[in-house]
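Taking it in order: structure first as structure tokens, then the write-up.
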Amino acid sequence: MAARSTEKWQAVGKIAVTRGGQTETANLQWFRQSAATDRVILTGPIGTGATELRREGNHIYWLDDNEQKPLTALPLSSDLTSALNTLPLADLGSWLLGYVPDTGMTALEQGSWRVEVQSWQLLSEQRLPRKLLLNYEELQIRVVLLDWSVNDK
């Protein structure tokens, strides 16, 4: 049984973003607090120290000393900022769960994005992704999810 996208969950792993032959990596912590609220923390080389992204409904921003700022103001390379601005973060939480609408497929195409679950893992009888590959034009994002916590309360 796959986790529903409306459950509260947390995933911990690693992310690698490749564009134009250059790859940047980071540790990833993703907290789904409700169907409309996500908190994402990236640590390591992508962001110097930690970068925290928040989604509240369709409003997506990052925190700089608890001040909300647009994604375009992130102190990242122009390629990474551009990549973040093309990612549909409102849908990404469902992608991380491996949600593909009842097609039996392991890949999803949404707009110009292609999302492929490359391997799965079981957590308390729930089938959750371990490795995902996301492609958008020349941008490639690899995600490895090492630890999951799912709570529907």
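The values are calculated or read from the model by the stated rules, or taken from the named source; none is laboratory data. Values in this document were obtained by computation on a predicted structure and should not be read as measured data. We place every Cβ from the backbone using ideal geometry, glycine too, and count neighbours over all the protein chains shown.
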For R39, state whether it is crowded, with 19+ Cβ neighbours inside 10 Å, at pLDDT 80 or above and of a type in the set (K, R).
no
For the range 15-74, enumerate the residues that are on the phi > 0 side of the Ramachandran plot and polar (S, T, N, Q).
N66
Verdict on V117 being touching a Lys or Arg at 6+ places or on another chain (Cβ under 8 Å), under 21 Å from L53 (Cα atoms) and modelled with pLDDT of 85 or more:
no
Got a number for residues in the range 123-153 being under 25 Å from A35 (Cβ atoms) and not in a strand (DSSP E or B)?
4
Counting only residues in the range 64-85 that are under 17 Å from the mean Cα position of the chain (by Cα) and modelled with pLDDT of 75 or more, the one surrounded by the most Cβ atoms within 10 Å (Cβ to Cβ) is identified as L74
